[in-house]
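These notes are about the structure you will find just below.
The values are calculated or read from the model by the stated rules, or taken from the named source; none is laboratory data. Given the structure is predicted, the values throughout are model-derived calculations rather than measurements. Reconstructed Cβ throughout: ideal geometry from the backbone, glycine too, with neighbour counts over all protein chains shown. Just so you know, the surface numbers come from the protein's heavy atoms only, side chains and all, with ligands and any DNA or RNA stripped out. Shrake-Rupley method; radii C 1.70, N 1.55, O 1.52, S 1.80 Å.
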Amino acid sequence: MSPTAKTVSELAALVGGRVVGDGGISILSVAGLDSAAAGEITYVEDEKLFSAATESKASCLIAPRDTSLKVPCRIEVKNPKLAFALIAEVLHPPKQRHPEIHHASVISSAAKIGGDVFIGAFVCVGENSIVGDRTQIRAGAKIGDNVTVGSDCVIHPNVFLEDGVTVGNGVILHAGVVIGADGFGYVRGEMGYHKFPQIGTVIIEDDVELGANTCVDRAALGRTRIGRGTKIDNMVHVGHNCDIGERVVIAAQTGISGSVTIEDDCVIGGQVGFGDHIRVLSGAVIGSKAGILPGKIVRPGVWWGIPIQPLDEFKRLNAHISRLPQVREELKQLSERVQELERIALKKEK
């Protein structure tokens with residue numbers, strides 16, 4: 001039996017759910033509704049899928065409270081999807097590395113390395129940098145000088161933490177993340193562009209996760225900040241002096257210009273473009289491929305489009321745009337009709 005296997009009753013206790021059926025069934029793993037088999041647990045939250053759920057071969061199903069769903073064994077909870085995610089964390093824990101400092105790593109004698117740390121091959125740790133307890137730094141990552149990395153972090157291969165940045169506890173940085181590269185700041189002179197000082201820092205707070213190839217630029221002066229619990233997808237750019245709040249979610253390929261503030265609990269879709277000096281207030285939701293003009297304040301609510309507008313207005317505008325070919329044809333017919341009437345009138349005058 002898998003060392004992570006749990007009984008249905010144990011999993012129900014973990015998520016505060018109620019067992020209906022045999023709580024002693026052993027669960028080895030999670031699976032999707034359409035592929036789950038014996039020994040696996042899945043979930044359903046949409047009544048449209050209840051019919052498919054009754055045909056599932058899963059040993060247990062996570063379902064909404066007081067549901068009419070009839071399956072041999074289920075765990076009833078308020079939020080099935082959240083319960084499923086919590087259970088998956090237990091049944092499929094992240095890969096752990098035995099504490100080790102690889103002989104092919106390069107670590108400054110002035111660096112401070114905590115206990116039970118894993119440092120892989122070709123990792124570099126610079127002068128006066130600190131790596132916290134139980135942190136994993138995987139192959140090819142580079143930690144610059146005067147960097148602080150907290151405890152229980154996972155730094156995936158080829159991550160670059162440039163000089164002077166700070167990473168909190170429980171942070172996950174996926175492959176290719178770059179923290180603390182110079183921001184895009186130049187001043188126009190008579191003979192071209194001069195680089196504006198990029199001498200600030202970056203602070204990544206606790207429990208942040210950054211997707212592969214995401215870049216967070218250092219501040220020109222002061223700091224760039226990513227707040228506690230924020231999750232950022234792959235290939236997102238965060239410009240210099242940005243302040244991203246707590247529990248913010250940002251989807252892939254979003255580009256955030258310098259000096260943008262995104263307050264707590266905002267949701268940003270994929271491929272959103274931010275001009276500089278924008279402020280997004282707490283509770284705002286910005287849909288994918290939206291564009292936000294520099295200096296704008298985005299208030300709570302759902303926003304979409306280029307430039308962004310309230311979702312209802314965006315839907316109305318899209319509906320009008322979809323009718324443009326029909327309107328064009330109607331205008332053409334009206335024009336032809338007017339010309340015909342003018343010809344008739346002209347004949348009568350003669």
Looking at the chain, I'd like the Rg to Rh ratio, where Rg is from alpha-carbon atoms and Rh is Kirkwood's inverse mean 1/r. 1.15
Full-extension gain between Asp264 and Asn146, please, as 0.36 nm times their residue separation minus the C-alpha to C-alpha distance. 39.6 nm
Spatial separation of Cα centroids for segment 92-143 and segment 232-297, in angstrom: 32
Within the set of other residues whose C-beta is less than 14 Å from the C-beta of Ala111, count the net charge using Lys and Arg as +1 and Asp and Glu as -1. -1
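When the helix-only estimate is applied to the chain (DSSP H runs of n ≥ 4, each -39,500 (n - 2.57), divided by the residue count), what is the mean residue ellipticity at 222 nm, nearest 500 deg cm²/dmol?
Details: 5 runs with 63 residues, N = 350.
Calculated mean residue ellipticity at 222 nm is -5500 deg cm²/dmol.
Where only protein heavy atoms count, and the probe is 1.4 Å, what is the accessible area per residue for the chain in Å²? Let's see the in-between values first.
Values: 18810 Å² over 350 residues.
For the chain, the per-residue accessible area is 54 Å².
Cβ under 10 Å from Ile179's Cβ, Ile179 left aside: what net charge do those residues give with Lys, Arg +1 and Asp, Glu -1? Each step should come with its number before you reach the end.
Numbers: positive: Arg218; negative: Glu162, Asp217.
Summing Lys and Arg as +1 and Asp and Glu as -1 gives -1.
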Given a cut-off of 29 Å, name the pairs among Lys6/Lys78; Lys6/Lys70; Lys57/Lys81; Lys142/Lys296; Lys6/Lys95; Lys78/Lys315 whose C-alpha atoms lie farther apart than that in the structure shown. Lys142/Lys296; Lys78/Lys315
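Could you please state how large a percent of the accessible area of the chain is carbon and sulfur, counting protein chains only and using a 1.4 Å probe?
Details: 10320 of 18810 Å².
Heavy-atom surface of the chain belonging to carbon and sulfur, 1.4 Å probe: 55 percent.
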Starting from the Cα of Lys70, step 7 Å along the direction of its Cβ; do the same at Ile344; then give the gap between the two resulting points in nm. 7.0
Check the straight Cα-Cα distances from Lys348 and name the aspartates and glutamates below 18 Å, setting aside those fewer than 8 residues away within the same chain. Glu340
The summed charge of the Gly17 Cβ neighbourhood (under 10 Å; Lys/Arg +1, Asp/Glu -1) stands at +3
What percent do you get for the relative contact order of segment 217-320 when only Cα pairs under 8 Å and 6+ apart count? 17
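Report, for the chain, the % of DSSP beta bridges that are antiparallel, rounded to 5.
Details: 11 of 80 bridges.
In the chain, approximately 15 percent of DSSP beta bridges are antiparallel ones.
Dividing the Cα convex hull volume of segment 1-136 by residue count, how many Å³ per residue is that? Numbers along the way, then the final one.
Details: hull volume 19.7 nm³, N = 136.
Taking the convex hull of the Cα positions in segment 1-136, it is 145 Å³ per residue.
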Sticking with the crude label model, points 7 Å out along Cα→Cβ, report the distance from Ser51 to Thr4 in nm, one decimal please. 3.4
With +1 on each Lys and Arg Cβ and -1 on each Asp and Glu Cβ, how big is the dipole of the chain about its Cα centre, in debye rounded to the nearest 20? 1140
For the pair Asp312 and Arg337, how long in nm is the line joining their label points, each one 7 Å along Cα→Cβ? 3.3
Along segment 117-128, what does the Karplus equation 6.51 cos²θ - 1.76 cosθ + 1.60 (θ = phi - 60°) give for ³J(HN,Hα), rounded to whole Hz, x for Gly and Pro? 8, 10, 10, x, 5, 6, 7, 10, 10, x, 5, 6
Sorted peptide list for 189-199, 293-303, criterion being average Cβ within 10 angstrom, highest first: 293-303, 189-199
How long is the gain from Leu86 to His320 if the chain were fully straight, where each residue apart is worth 0.36 nm and the alpha carbon distance is subtracted? 79.8 nm
If the only charges are +1 at each Lys and Arg Cβ and -1 at each Asp and Glu Cβ, what is the size of the charge dipole of segment 199-329 around the Cα centre, to the nearest 20 debye? 480
Could the peptides 175-186, 317-328 be put in order, highest first, of the mean number of other beta-carbon atoms found within 10 Å of their residues? 175-186, 317-328
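With an 8 Å Cα cut-off and a minimum separation of 6 or more residues, compute the relative contact order for the chain in percent.
Numbers: 967 pairs, mean separation 21.7, N = 350.
So the answer I get is 6 percent.
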Semi-axis lengths, Å, segment 87-237, gyration tensor of Cα atoms, sqrt of 5 times eigenvalues: 28, 18, 13
Name the residue from Ile172, Tyr193, Cys242 whose Cα lies farthest towards the positive end of the charge dipole of segment 167-269, charges +1 on Cβ of Lys and Arg and -1 on Cβ of Asp and Glu. Tyr193
What's the Cα-based Rg to Rh of segment 249-350, Rh via Kirkwood? 1.38
Residue-span extension gain [Asn128 to Ala13] - 0.36 nm each, minus C-alpha spacing: 36.9 nm
If amide H atoms are built 1.01 Å from N in the plane of the peptide, which residues on other chains or at least 5 residues away come under 5 Å of the amide H of Ile27? Lys6, Thr7, Val8
For segment 306-316, in residue order, the Karplus 3J(HN,Hα) values (coefficients 6.51, -1.76, 1.60; θ = phi - 60°; whole Hz; Gly and Pro = x) are 10, x, 4, 8, x, 4, 4, 5, 4, 5, 4
Step by step: find N for segment 216-278, compute 2.2 N^0.38 Å, then divide the Cα radius of gyration by it. What's the final number? 0.97
